[in-house]
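Throughout, read-outs are computed from the coordinates displayed, never taken from laboratory work. As the structure is a prediction and not an experimental result, all values here were calculated from the model. Note: ideal-geometry Cβ built from the backbone for every residue, glycine included; neighbour counts use all protein chains shown.
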Amino acid sequence: MLNVHLVPHTHDDVGWLKTVDQYYYGDRNDIQHAGVQYILDSVVDQLLKNPDRRFIYVETAFFYRWWKQQSSSMQQTVKQLVNEGRLEFVNGGWCMSDEATTHYSAVIDQMTMGLRFLNETFGPCGRPRVAWHIDPFGHAREHASMFAQMGYDGFFFGRLDYQDRARRMIDKEQELLWRASDSLTPPMADLFTGILPNGYNPPQGFCWDQSCDDPPIRDDPDLEDYNVDDVVNRFLTIASAQAAVYKTNHIIMTMGSDFQYENANLWYKNLDKLIHYVNAQQANGIKVNVLYSTPSCYLQELHRANLTWSLKTDDFFPYADDAHDFWTGYFTSRPALKRYERISNSNLQTCNQLEVLGGPVSRNGHFGEVKAMAVAQHHDAVSGTEKQHVANDYARRLANGWQHCQVVVSNSLAALSGSSAQRIYCDNLNISVCPLTESSKKFSVNVYNPLARPVTWPVRLPVNGTAYTVSDAKGKVVPVSRATQEVRRNWGFAVNELVFQVQAPPLGYSTYSVSLVKDGPPPTSTKHRAPTVIQNKNSVVQEVRQWFAPWVSQVVRLYADSRALELEWTVGPLPIDDSLGKEVITRLDTSIKTSEIFYTDSNGREVLQRKKDFRPTWHLKQSEPIAGNYYPINSRAFIKDDVDQLTVVTDRSQGGGSIHNGSLEIMLHRRLLYDDVRGVGEPLNETSNIFPEGLVVRGRLLLSLDPPPTAADTHRPLAQEMVLQPLLTFTDGNLNPHTQLEFSGLQAALPPAVHLLTLTQWDKDSVLLRLEHQFQSWESKVNSQPVTINLQKLFSTLEVLGMSELNLSANQWKDEMIRFDWKPQTGTGHTHTYLSNINTFLVQTENVPNKY
């Protein structure tokens, strides 16, 4: 018997053509007819009419809103549907995250938030068993690794390269075992992965939503246009063709699509009939059984089949849906939003940490920033694939969330330092704007370091004086560059920048006092031919300022004792007078013998090897020599040979590749004048009130030339500092003499191999702690070794009273996490154990007097 699993579902983007709010309420239907609240109302009503019916729901961001508006009796009804398996949650994160442009720390956070709500609301029956990424545009290995460590039994997605799908259909490998880490012992990061047959749409001719125009099932023989026989025959033909390219006698069909089931009666009335009339053919010897189902039920049947599955160890990038449509430009799209999301993640982690370290007085609540960051992970958010007004809404949410976080940060720093002086935040230092430092003759800078190791960091402050003293640091005044003056417009008027290096202790802060010594005309920059060599041991900073065009400039900087060269690029407005769009890259050419091989990170975590014009799992017919060789670079990329290595650390997600041997290129900014005919309905042509002629974007790259044996020991810390950068806060005037100028939340710095990934208040008496062994098994002779940490001696202001280990998403106890076992067609292929691992603990704590 061929069993056909019909899965009623809706795909509800957490923002795309409309904002999150517009989608939920059904507003702006002139853009797109969609109203999520009505979908959930209608589905629950229809599930109650037939106990056989099933439905799956995915996006907790929407369900959370709907749930909060329901009566207690309706909530009880929904709980009953969940307990009976008629309403099933899949994936369960706050959103369905993008996989190319998201950082793993933010993905873990948004998954944890969504799953925690489901866990606390519905208990074990609400816990999703299946990860469900039916719409993201390519799939990252690190996502599969995370899903495995979160306890999922399987993973289903809809989009993969058209050549990859064609080969897999022939070989019946559309369902496979994904080994998603080269450092974790199988099956820790093994994840059963299924590729859905129709993307996430129903089979052709079988869409019965109000947004569809397929004919309904007309089953009264006395009426005109009776079509049951035709429907049954067409369905059996489709089912047979699908079964021919899958391995078992169970197949899955997604019955739904974008924002469908607003009038669920249309779908269910026809699905009831379809099941009835097809199954009636069993009396005529037709061996097809159609049933309402869910992904977890389907997965269970695949597991029962007890087959072996092909093994995959790379990822599903890049994704193309035909020969000349590679979805790789979005790796860079909306670079300003991508950077703002990364900064917001850093601010949120700092906010979380200080809420814990500052004790009860700092707990003001910052759910707004948590939600804003979670929504920003959506596959049409940080990806840059949304309409402009929606991108603006994401940025507005992040800005509002940061305002709430500032209250937490200020309260905590006041408690830790003993100073109640007003704290001032300067969020535009990247364009040398900070009203306090520009005008004050004496102020202090608090530098909070969210990393669990000490950090040396260059501070650049806009000033108007020509000489300053900085306590415990050597300062240098340099003129504000022409590029900065142009990009800030009339926002600020500082003529100089005060540059000095600060040292901040692990999970703590240092305080620096700055005093004006001399006012007067600004120092003039010396204009001469750029030197062929810059080197720096004793001056604070040496820099070369370059102009390539009126709209492209770069500053090359070398700080004293720095491990890397900094490239600060400023690009825009991209000119379109010639009616042509532009994509701007930076290309680094070297003598390194790369043999067409280069390396990129996966969601900021593990690194994968790439090869030009090559895919590990099928024979590639390359049709786009540039777009077809672009990959996501979330935090770093490198090229190397046996002797030399060039590593580039990025400050946001960008796209890049090695198109020529010895060369590494990264796309910085793009501006297009034509829609890509993929649904958005507008070109990627960013402007703003400040930049009506086109967006100007600024960013930083760090270049390291450490050789291959020690490169990871350098580029992993550099990438961390880019992701979790120190937070500067300012106070005006003299400091209170009793102010505690330095603080560390740790008794000692963590070893280099260990990263404190999460420290956040979970409830009144416990915190969620994630410690990460961040090195892959092959990366470092020193740091790719197991490490032991004593949690009792970890914190300076917290006493650890007890702890329990959780799974990665913190919705199951680790020792209760049981997953399906799957058999690969080939051997295990790994002998390493538990490196590149994340341990998640729920720690019962008590605040104690500062031991620092």
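The table below gives the values:
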{"read-out": "Label-point gap, in nm, between Q75 and S595 - each point 7 angstrom along Cα→Cβ", "value": "6.2"}
{"read-out": "Helix-only [θ]222 nm of the chain, DSSP H runs n ≥ 4, -39500 (n - 2.57) each, per residue, nearest 500", "value": "-7500 deg cm²/dmol"}
{"read-out": "Listed residue pairs exceeding 23 Å between alpha carbons, taken from K387/K582; K247/K611; K611/K640; K781/K823; K247/K312", "value": "K247/K611; K781/K823"}
{"read-out": "Length released on extending from A399 to L791, taking residue separation times 0.36 nm less the Cα-Cα span", "value": "137.6 nm"}
{"read-out": "Segments 797-807, 647-657, 768-778 sorted - mean Cβ within 10 Å per residue, highest first", "value": "647-657, 768-778, 797-807"}
{"read-out": "Value of relative contact order over the chain, rounded to a whole percent, pairs C-alpha under 8 Å and six or more apart", "value": "15"}
{"read-out": "FRET efficiency, L307 to S688 (Cβ-Cβ, R0 56 Å, nearest 0.05)", "value": "0.55"}
{"read-out": "FRET efficiency, H276 to S211 (Cβ-Cβ, R0 35 Å, nearest 0.05)", "value": "0.90"}
{"read-out": "Across K764/K793; K49/K273; K172/K287; K49/K269; K49/K79; K79/K371, pairs whose alpha-carbon gap is larger than 18 Å", "value": "K764/K793; K172/K287; K79/K371"}
{"read-out": "Gap separating the Cα centres of segment 145-174 and segment 15-45, nearest whole Å", "value": "29"}
{"read-out": "Trypsin sites (Lys or Arg not before Pro) restricted to DSSP loop in segment 253-307 with at most 13 other C-beta within 10 Å", "value": "K287"}
{"read-out": "Kirkwood Rh (inverse of mean 1/r, distinct Cα pairs), segment 2-329, angstrom", "value": "20.6"}
{"read-out": "Within segment 7-68, trypsin sites (Lys or Arg not before Pro) in DSSP loop having at most 16 other beta-carbon neighbours inside 10 Å", "value": "R28, K49"}
{"read-out": "Loop chymotrypsin sites (Phe, Trp or Tyr not before Pro), segment 284-343 (other Cβ atoms within 10 Å of the site Cβ: 11 or fewer; DSSP)", "value": "none"}
{"read-out": "Cα centroid separation, segment 76-128 to segment 759-776 (Å)", "value": "20"}
{"read-out": "Separation between Cα centres of segment 656-709 and segment 576-610, rounded to whole Å", "value": "10"}
{"read-out": "Cysteines not pairable in the chain (beta carbon separation under 4.7 Å absent)", "value": "C95, C125, C297"}
{"read-out": "Residues in segment 21-53 that a label on E84 would reach, taking backbone N under 14 Å of a point 7 Å out along Cα→Cβ", "value": "44-53"}
{"read-out": "Stretch gain in nm, segment H660-A283, where the contour uses 0.36 nm per residue and the Cα spacing is subtracted", "value": "129.3 nm"}
{"read-out": "Largest-first ellipsoid semi-axes for segment 582-722, taking √(5λ) over the Cα gyration tensor eigenvalues, angstrom", "value": "28, 20, 13"}
